[in-house]
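Chemist: First, the structure itself, so that you have it in front of you.
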Amino acid sequence: MKLQQLRYIWEVARHQLNVSQTAETLYTSQPGISKQIRLLEDELGVEIFVRSGKHLTEVTPAGKVILGMAANVLRQCESIKQVALEFSDDQRGTLSVATTHTQARYRLPSVVSAFIRRYPEVRLQMQQGSPQQIAAMVADGSVDLAIATEALEHYSDLILLPCYRWNRSIVVPKGHPLTRLSRIAISDLAEYPLVTYTFGFTGRSRLDEAFAAQELTPRIAFTATDADVIKTYVRLGLGVGIIASMAFDAQGDTGLVAVPADHLFAASTTVIGLRRGTFLRGYLYHFIATFAPHLDRTHVDAAMLAHTREEVDALFHDLVMPSY
């Protein structure tokens, strides 16, 4: 059994069993990958993939177990490389971050700028996607860390570090009837079409929970993953916007008014997700602490050593997090 063979079967599975695409990604030949997979199956005495002619169609039950174990081996190999790099040159390397548009647009610019000044020789790669895509990327090792509000909790192998709490604002054009109310209620919002985040993005679940608690159904006119898009359609009169408060700029968002909605919706918590058992480079600790100053190296290390999510939550129970 060779490490290369384990990498091949893992990459083939990650590319939806497309051997040709896998070969392009790994800069090798399709026949070479197919041959190595066959050799591994012959050695193990079981098939990892089901075939239809020359095509792979699905993963066998044995293959699912083998792929899970192969993933762990590959991650440990990557951690060994990271250990060596940390001791040979702690100022160089790569840091890959997966996050949503809201984090990338409103919370990360200053963090990224400070990080690049401190570590100019570290390549910082940022990928955006849905919370589900982001969670999958950090879980399978495609990125070093994920920053999101939704979906990460569904992956048991992820360590979740709480970063900050945030809530929402109601965004309407100047002069809108809602701006004349002393205290907006959910029933008031139910009278208008709403423009807000797509389900599964940026704490959208809190909005649905608030309406359900009042036995009301929100009239969703338009959804988007991007707060800037939401504000654009509010200006066009499509409906009342509900966005993360941090995404409103009183000076830049001309023609709009933001009304805090903390009393209507439960606060959401943005977290950093890390793969359990991953070796963390020194500059990764620095990035985390810059984004969330209460997450110093001591707290991060303690969280990484915790056995359950409840133990991690207990570590941060008494810590004061910022709110936005």
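The values are calculated or read from the model by the stated rules, or taken from the named source; none is laboratory data. Owing to the predicted nature of the structure, the values given are computational and were not obtained by experimental measurement. All Cβ positions, glycine included, derive from the backbone under ideal geometry; neighbour counts span all protein chains shown. To get the accessible areas, we keep the full protein, side chains included, count just its heavy atoms, and leave off ligands, DNA and RNA. Shrake-Rupley method; radii C 1.70, N 1.55, O 1.52, S 1.80 Å.
Chemist: Determine whether the stretch 82-100 contains at least one residue that is of a type in the set (Asp, Glu), outside any helix (DSSP H, G or I) and closer than 26 Å to Ser323 by Cβ. Please lay out each step first, then the result.
Modeler: Just the residues of the stretch 82-100 that are of a type in the set (Asp, Glu), to begin with: 86, 89-90.
From the residues that got through so far, the ones that are outside any helix (DSSP H, G or I) too are 89-90.
Then keep just the ones that are closer than 26 Å to Ser323 by Cβ; that gives none.
No.
Chemist: From the set of residues in the stretch 14-70 that are of a type in the set (Val, Ile, Thr) and within 26 Å of the chain's Cα centre (by Cα), which is modelled with the lowest pLDDT?
Modeler: Only one residue fits best here, namely Thr25.
Chemist: Restricting to the stretch 141-182, give me the number of residues that are touching a strand residue (DSSP E or B) at 6+ places or on another chain (Cβ under 9 Å), farther than 16 Å from Ala244 by Cβ, open to solvent by 10 Å² or more (accessible area, probe 1.4 Å) and in a loop (DSSP other than H, G, I, E, B).
Modeler: So the count comes out to 9.
Chemist: Which one of these does Ala185 not meet: (1) among the aliphatic types (A, V, I, L, M); (2) in contact (Cβ under 8 Å) with a residue 60 or more places away in the chain; (3) in contact with a strand residue (DSSP E or B) (Cβ under 8 Å, 6 or more places away or on another chain)?
Modeler: (3)
Chemist: Which of the residues that make up the stretch 87-99 are open to solvent by 10 Å² or more (accessible area, probe 1.4 Å) and under 30 Å from Ile242 (Cα atoms)?
Modeler: none
Chemist: A further question on this structure: Consider the stretch 261-272. How many of its residues are farther than 14 Å from Arg165 by Cβ and surrounded by fewer than 18 Cβ atoms within 10 Å (Cβ to Cβ)?
Modeler: 1
Chemist: If you take the residues of the stretch 111-129 that are open to solvent by less than 50 Å² (accessible area, probe 1.4 Å) and in contact with a strand residue (DSSP E or B) (Cβ under 9 Å, 6 or more places away or on another chain), which of them is farthest from Leu152 (Cα to Cα)?
Modeler: Tyr119
Chemist: Next question. Looking at this structure, is Ile134 out of contact with any helix residue (DSSP H, G or I) (no Cβ under 6 Å at 6 or more places or on another chain), part of a helix (DSSP H, G or I), at pLDDT 90 or above and crowded, with 18+ Cβ neighbours inside 10 Å?
Modeler: Details: out of contact with any helix residue (DSSP H, G or I) (no Cβ under 6 Å at 6 or more places or on another chain): yes; part of a helix (DSSP H, G or I): yes; at pLDDT 90 or above: yes; crowded, with 18+ Cβ neighbours inside 10 Å: yes.
Spelling it out, Ile134 is indeed out of contact with any helix residue (DSSP H, G or I) (no Cβ under 6 Å at 6 or more places or on another chain), part of a helix (DSSP H, G or I), at pLDDT 90 or above and crowded, with 18+ Cβ neighbours inside 10 Å.
Chemist: For the stretch 206-229, state whether one or more residues are in contact (Cβ under 8 Å) with a residue 24 or more places away in the chain, open to solvent by less than 30 Å² (accessible area, probe 1.4 Å) and more than 26 Å from Thr270 (Cα to Cα).
Modeler: no
Chemist: Taking the condition of being modelled with pLDDT of 90 or more, assigned to a loop (DSSP other than H, G, I, E, B) and in contact with a strand residue (DSSP E or B) (Cβ under 9 Å, 6 or more places away or on another chain), how many residues in the stretch 199-235 meet it?
Modeler: Summing the residues that are modelled with pLDDT of 90 or more, assigned to a loop (DSSP other than H, G, I, E, B) and in contact with a strand residue (DSSP E or B) (Cβ under 9 Å, 6 or more places away or on another chain) in the stretch 199-235 gives 1.
Chemist: Kindly indicate whether Ala292 is touching a Phe, Trp or Tyr at 6+ places or on another chain (Cβ under 9 Å), more than 18 Å from Arg105 (Cα to Cα) and aliphatic (A, V, I, L, M).
Modeler: It is false that Ala292 is touching a Phe, Trp or Tyr at 6+ places or on another chain (Cβ under 9 Å), more than 18 Å from Arg105 (Cα to Cα) and aliphatic (A, V, I, L, M).
Chemist: Now, a different point. Considering Ala314, Ala302, Ala289, which residue is within 24 Å of Glu78 (Cβ to Cβ), open to solvent by 10 Å² or more (accessible area, probe 1.4 Å), free of Cβ contacts under 8 Å to residues at least 12 places away in the same chain and not basic (Lys, Arg)?
Modeler: Ala289
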